[in-house]
1. Would you compute, from DSSP H runs of 4+ residues alone, the mean residue ellipticity of the chain at 222 nm, taking -39500 (n - 2.57) per run and dividing by the full residue count, rounded to the nearest 500?
2. Just want the answer: with Cβ charges of +1 for Lys and Arg and -1 for Asp and Glu, which residue in Ile130, Cys153, Ile56 is farthest toward the dipole's positive end in segment 41-153?
3. Can you list the DSSP H helices in the chain whose Cα atoms extend at least 24 Å along the helix axis and whose mean Kyte-Doolittle hydropathy is 0.5 or higher?
4. Got the relative contact order for segment 41-153 handy, in percent, Cα pairs under 8 Å and 6 or more residues apart?
5. Using Cα Rg over 2.2 N^0.38 Å as the read-out, say which of [x] 1.16; [y] 1.96; [z] 1.06 was calculated from these coordinates.
Amino acid sequence: MTEAAERRAVDENGFTLIEVLMVILILAILAATVVFAVQDLGGETARTSCKADYKIVEAAAGAYGAQVGHYPEAGDQAADFPGGSAIPGGLTATMNGVQALFAIQTDPVTGKAVGPWLKDIPANGTHYSIDLSTDGNGTVSVDDAAGNDQPNCSGVQ
């Protein structure tokens, strides 16, 4: 082997610029794919969380109705947060009926204290809020962050 050929063989131990650029390009494509796939999970997570909270409020309202004899309505005891002190005057027609689920109520049959039916506030203010009617019908509704009605959490993102 000539001296020039030996030098060339020794110099070819590293990667060429083209090879390094190709590896960087492949890594960039993979990273972009992962980022776009993960970005959509935020909306799906919010919808899943909303549906779970919706079911929790629905079940709590049903338990409330079974123990108190009616769904939350104006005049029932209410609290600002789970286990909080009672709101003077109780639930009004303009309040969220969920507040009645936070409060201790009186069982109409036994006269004993019952409740609260919720231990946590079922909402995610950046994505949705859940309301329970105060008309005695137990209607649960969902609003997105902009205040628009979202039946079955369908438009929550």
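FYI, it's all coordinate maths here, none of it is from the lab. Source: prediction; values computed, not measured. Virtual Cβ from ideal backbone geometry, glycine too; neighbours counted across all protein chains shown.
1. Details: 4 runs with 65 residues, N = 157.
It comes out at -14000 deg cm²/dmol, rounded to the nearest 500.
2. Ile56
3. Numbers: long enough: 17-39 (33 Å, 2.70); 41-68 (40 Å, -0.03).
Correct list, ordered by number: 17-39.
4. Values: 225 pairs, mean separation 30.2, N = 113.
The normalised contact order for segment 41-153 reaches 27 percent.
5. For Cα Rg over 2.2 N^0.38 Å, the calculated option is [y].
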